[in-house]
Amino acid sequence: RLTEQLELSRHRFVTELLQSLRDGYRDETYDALIAGYCAQGILGLDDLGAGKETPSEWSVEQMELIINSRYEKGPPLIVTTNLSPKQMMDKWGARIADRLYDRVTGKAQQVFIPSDTPSYRTGRRSA
């Protein structure tokens, strides 16, 4: 089963995922893309929280759809973010934050990496 999930796994930067969904409206692949992001294999969302701007209502709706679907149905979801739970709630809303930080049901598990850990991209520690 894990082998099958790994074969179907996807890793996307959140900004790229959202752009692929926008493009899906134009080339009529939206339904297939969203179905895959919601249910197929392991999905890794990288840098949820990157960028200083507030996400659009559409972006929040798309992320809610994906995250809630995986939360309810159980396909594994791995999310990286530099946001605290409060910052996640302020930026992406209570619904997303609740599902990502849910400890009560055991459906979510957090792994915190201290901010002074060297970046794997640059090898430097953050300021």
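The values are calculated or read from the model by the stated rules, or taken from the named source; none is laboratory data. None of these values were measured; they are calculated from a predicted model. In this analysis, Cβ positions are derived from the backbone assuming ideal geometry, glycine residues included, and neighbour counts consider all displayed protein chains.
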| Restricting attention to the range 80-98, which residues are under 16 Å from LEU43 (Cα atoms) and modelled with pLDDT of 90 or more? | ILE96
| Test set (1) in contact (Cβ under 8 Å) with a residue 12 or more places away in the chain; (2) more than 19 Å from ARG99 (Cα to Cα) - TYR30 fails condition number | (1)
